[in-house]
Amino acid sequence: MSAAPIAGGRAHLLFERNLMVYRRSWMVIFSGVFEPLFYLFSMGIGLGHFVGKVPGPGGRLIDYASFVAPALLASAAMNGAIYDGTNVFWKLKYMKTYDAMLSTPIGPADVAVGETAWALFRGFLYAISFLAVAGALGLIESAWGLLALPGAVVIGFAFAGASVAATTFMRTWQDMELLALVQLPMFLFSATFFPITTYPDAIQWVVRFSPLYHAIGLLRALNLGTVGWAQLVNVAYLLALGACGLFIAQRRLGKLLLK
């Protein structure tokens, strides 16, 4: 008798299914990378011409474009993961995609892991595209910047796990507005465009709890070559967020699909 597969052991089948679905519509996926690129050219390069240099990690003065680029790379990974993570709502509530899957050996844990992996993959694709443009513009200032891609994987995992978990609590399309209510302020106020020191002390403490702040801190340090112990905290925070999200998603999908 063969041993039972571990929880999520068939998740690769769901990943392959998503890959087949998107094989003829890759532009739908890559279209999401244009938003952070627009911010890079308008804010980082356009406005940066007038801003000049700003204090980066450790108080070092850097060009504004070099300050903004890692933040937008982190945002690209976040957006890609969230976009596909929230697609689970459509598959769960309307298409009933997973109901058919449950008639096969695939279980709720496989669904949670597979969708999280696919959302992570989409975030990674966004990051690759953005990083290629940033590199062509000369905005990668250290050899440590090569680790931005593994960093983007960690960021994608964090937001993929969190978004899939959050999606399982949504009841109607109107609940998507709550996600936007969190995502947009997090994008604008996680030290994305301004150093955290520009905020009042009380607001700084709130910002430090933002997962995007930790994502930006990680990539900004890698890009500028100012890597230190704080980046271990960034990585631990993001991995913990992704793991908690994945755990919740597995539990919630088990209840929703097997009720």
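The values are calculated or read from the model by the stated rules, or taken from the named source; none is laboratory data. Here the structure is a predicted model, which is why all the values come from computation and not from measurement. Every residue, glycine among them, receives a Cβ derived from its backbone with ideal geometry; neighbour counts consider all protein chains shown. Accessible surface is based on the protein model in full, side chains and every heavy atom, while ligands, DNA and RNA are left aside. Shrake-Rupley method; radii C 1.70, N 1.55, O 1.52, S 1.80 Å.
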Return the pairs, sorted by first residue and then second, in which the second residue is among the acidic types (Asp, Glu), the first residue lies in region 218-231 and is more than 17 Å from Thr192 (Cα to Cα), the beta carbons are less than 7 Å apart, and the residues are 6+ apart or on different chains. Gly225/Glu141
Tell me, yes or no, whether region 43-56 has at least one residue that is modelled with pLDDT under 75, more than 16 Å from Leu131 (Cα to Cα), in a loop (DSSP other than H, G, I, E, B) and not β-branched (Val, Ile, Thr). yes
Residue count for region 241-258, restricted to those that are under 15 Å from Met101 (Cα atoms) and either open to solvent by 70 Å² or more (accessible area, probe 1.4 Å) or outside any helix (DSSP H, G or I) (or both): 1
Would you mind telling me which numbered condition in (1) surrounded by 20 or more Cβ atoms within 10 Å (Cβ to Cβ); (2) modelled with pLDDT of 80 or more Glu16 fails? (1)
Has region 135-144 got any residue that is in a helix (DSSP H, G or I) and either in contact with an Asp or Glu (Cβ under 8 Å, 6 or more places away or on another chain) or open to solvent by less than 30 Å² (accessible area, probe 1.4 Å) (or both)? no
So in region 167-182, with the set limited to residues that are assigned to a helix (DSSP H, G or I) and modelled with pLDDT of 85 or more, which one is farthest from Ala81 (Cα to Cα)? Leu181
Given the conditions (1) touching a Ser or Thr at 6+ places or on another chain (Cβ under 7 Å); (2) at pLDDT 90 or above; (3) open to solvent by less than 20 Å² (accessible area, probe 1.4 Å), and given that Asn223 satisfies all but one, which numbered condition is not satisfied? (2)
Mind checking which residues of region 177-206 are surrounded by 12 or more Cβ atoms within 10 Å (Cβ to Cβ) and over 17 Å from the mean Cα position of the chain (by Cα)? Leu178, Phe193, Phe194, Pro195, Ile196, Thr198, Tyr199, Ile203, Gln204, Val206
Out of (1) open to solvent by 20 Å² or more (accessible area, probe 1.4 Å); (2) closer than 30 Å to Phe41 by Cβ; (3) in contact with a Phe, Trp or Tyr (Cβ under 9 Å, 6 or more places away or on another chain), the odd one out for Trp118 is which? (1)
Can Leu238 be described as of a type outside the set (Val, Ile, Thr), modelled with pLDDT of 90 or more and either open to solvent by less than 40 Å² (accessible area, probe 1.4 Å) or assigned to a helix (DSSP H, G or I) (or both)? yes
